[in-house]
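> I'd like to ask you about the structure that follows.
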Amino acid sequence: MSKLLFENLLKDFNKANSARKMVLAGKAGCSSVEEYKKLLEDQVAKFDKDVPKSKVKPTIHIVDIIDCSQSMTGGKIQNAINGINMGIDRLKKDEDVKYTYTLCNFSNFSNIGFQHLLSDISSVSNVSFRASGMTALNDAIGKTLNLLSEKRKNKEDKVLVNIYTDGEENDSRQFSPNDIEKLTDKYQKENFTITFIGTDRDVENVISAFKFDRSNTLKYDGSADGLIATMNTTIDARVAYKNNVLEGKNVTKGFYKNIKK
């Protein structure tokens, strides 16, 4: 018997007068009208329970913030481009969740740009950028976090921010280290995970100044080869992050924890 049959029987029963309800209950072998009605309701509920419901894919907003200052010229900027594009390609092949992508590439305080903003990952083609100018790291982080918070429609969606730099802050005008610390604390409570890749000194600086969790940071030696290696580590860490999201785990911290470095 189908759910529709029991739904129709229940519908007819509810429309019937008292005498007819007693007849219907008797034909079904029930001793009372109430017993028959409960029988029908239980059967409808049983079908609802037994039929598997379609699984809604969670959404993860992937955000890359990449330093494009003068110190990134040469092999580092090309490896950064290659690493980001490899990451995009990997996301396109992952069908477990719905991904969007945002890229912030920055140098001077007046040169903070976005090539994509919460774009469906399937629509994102290879990205490219050039190196020049200084390092407005604070402004790039602050503007990106605020923009993502403003544009994200569903506050339950996860936001994974991966920041890459090879040098210290030297040109921000709008956001101080204290501002970034406050934004980090605020947005971590709103399903943001904020991670950082930099040289040994850079990492220690952001842990101290921004209060980034150490488990969300990764150090490299400042070379082109070192940068691409850590970007590959980030690609692998995204897989672990996604699996934790699917399992309902807290993903605010521990992005690089237990990932081979």
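The values are calculated or read from the model by the stated rules, or taken from the named source; none is laboratory data. Quick caveat: nothing in here was measured; it's all calculated off a predicted structure. Because the Cβ atoms are built from the backbone with ideal geometry, glycine has one as well, and the counts that use them run over all protein chains shown. Remember, those area values only see protein heavy atoms, side chains included, never the ligands or the DNA or RNA. Shrake-Rupley method; radii C 1.70, N 1.55, O 1.52, S 1.80 Å.
> Work from the charge dipole of the chain (Cβ charges, +1 for Lys and Arg, -1 for Asp and Glu, about the Cα centre) and give the residue of Cys104, Leu147, Asn79 farthest towards its positive end.
Positive-most Cα among the choices belongs to Leu147.
> Shifting gears a bit: For Lys257, what accessible surface area do you get with a 1.4 Å probe? Give it in Å², rounded to 10.
Taking all protein chains as shown, Lys257 has close to 130 Å².
> Further question: Given the options Lys153, Lys76, Lys37, state which has the largest fluctuation in a GNM of the chain using a 10 Å cut-off (strictly under) for Cα springs.
Among Lys153, Lys76, Lys37, the largest GNM mean-square fluctuation belongs to Lys37.
> Using the structure shown, list the pairs from Lys153/Lys219; Lys76/Lys257; Lys38/Lys98; Lys38/Lys158 with a Cα-Cα distance above 31 Å, or answer none.
Details: Lys153/Lys219 33 Å; Lys76/Lys257 25 Å; Lys38/Lys98 41 Å; Lys38/Lys158 43 Å.
Listed pairs above 31 Å: Lys153/Lys219; Lys38/Lys98; Lys38/Lys158.
> Continuing with the same structure: Most mobile of Asn162, Asn17, Asn111 per a Gaussian network model of the chain (Cα springs, under 10 Å)?
With Cα springs under 10 Å in the chain, the top fluctuation among Asn162, Asn17, Asn111 is at Asn17.
> Over the Cα atoms of the stretch 216-261, compute the convex hull volume and normalise it per residue, giving Å³.
Values: hull volume 2.7 nm³, N = 46.
Per-residue hull volume (Cα only) is 58 Å³.
> Determine the relative contact order of the stretch 1-103: mean sequence separation of Cα pairs under 8 Å and six or more apart, normalised by residue count, in whole percent.
Once divided by the residue count of the stretch 1-103, the mean separation gives 29 percent.
> Accessible area per residue of the chain at 1.4 Å probe, in Å²? Let's see the in-between values first.
Details: 13530 Å² over 261 residues.
Solvent-accessible surface per residue comes out at 52 Å².
> Hey, what angle do you get for helix 224-246 against the long axis of the chain, alpha-carbon based, 0 to 90 degrees rounded to 10?
Once rounded, one gets 20 degrees.
> How far apart, in nm, are the 7 Å Cα→Cβ label points at Ser215 and Lys92?
3.3 nm
> Given springs between every Cα pair under 10 Å in a Gaussian network model of the chain, which of Ala45, Ala140, Ala237 has the largest fluctuation?
Most flexible of the set in this elastic network: Ala45.
> Next up: Stretched out fully, how many nm does the piece from Lys257 to Lys11 gain, at 0.36 nm a residue minus the Cα gap?
Stretched fully, the Lys257-Lys11 segment lengthens by 82.9 nm.
> For helix 75-93, what angle does its Cα long axis make with the longest principal axis of the chain, in degrees from 0 to 90 and rounded to 10?
10 degrees
> Give the value in nm², to one decimal: projected area of the alpha carbon convex hull of the stretch 67-135, averaged over all directions. List each step's numbers first, then the result.
Working: hull surface 18.1 nm².
The directionally averaged projection comes out at 4.5 nm².
> Rg(Cα) of the stretch 20-153 divided by 2.2 N^0.38 Å?
This ratio for the stretch 20-153 stands at 1.99.
> Report the Cα-based extents of the chain along its three principal axes, largest first, to the nearest Å.
Extents along the principal axes: 88, 34, 32 Å.
> Further, regarding this structure: For helix 18-27, report the angle its Cα long axis makes with the longest principal axis of the Cα atoms of the chain; keep it between 0 and 90° and round to the nearest 10°.
Between helix and principal axis, roughly 90 degrees.
> Next up: So how compact is the stretch 135-261: Cα radius of gyration and Dmax in angstrom?
14.2, 41
> Same structure again: At 25 °C and 0.890 mPa s, what whole-number value in µm²/s does Stokes-Einstein give for the translational diffusion of the stretch 169-230, with Rh from the Kirkwood sum over Cα pairs?
196 µm²/s
> Could I ask something else about it? Give me the percent of accessible area attributable to carbon and sulfur for the chain, probe 1.4 angstrom.
Whole-percent figure for carbon plus sulfur exposure: 49.
> How high is the relative contact order of the chain, in percent, with contacts defined as C-alpha pairs under 8 Å that are six or more residues apart?
Taking the mean separation of contacting Cα pairs over the length of the chain, I get 17 percent.
> To continue, here is another question. Out of all DSSP beta bridges in the chain, what portion is antiparallel? Express it as a percent rounded to 5.
20 percent
> Now a separate question. What 222 nm value per residue comes from the helices of the chain, counting each DSSP H run with n ≥ 4 as -39,500 (n - 2.57) and dividing by all residues, nearest 500 deg cm²/dmol?
Values: 8 runs with 120 residues, N = 261.
About -15000 deg cm²/dmol.
> Hey, another quick one. Pairwise over distinct Cα atoms, reciprocal of the mean inverse distance: report the Kirkwood radius of the stretch 73-227 in Å, one decimal place.
Here the Kirkwood hydrodynamic radius works out to 16.1 Å.
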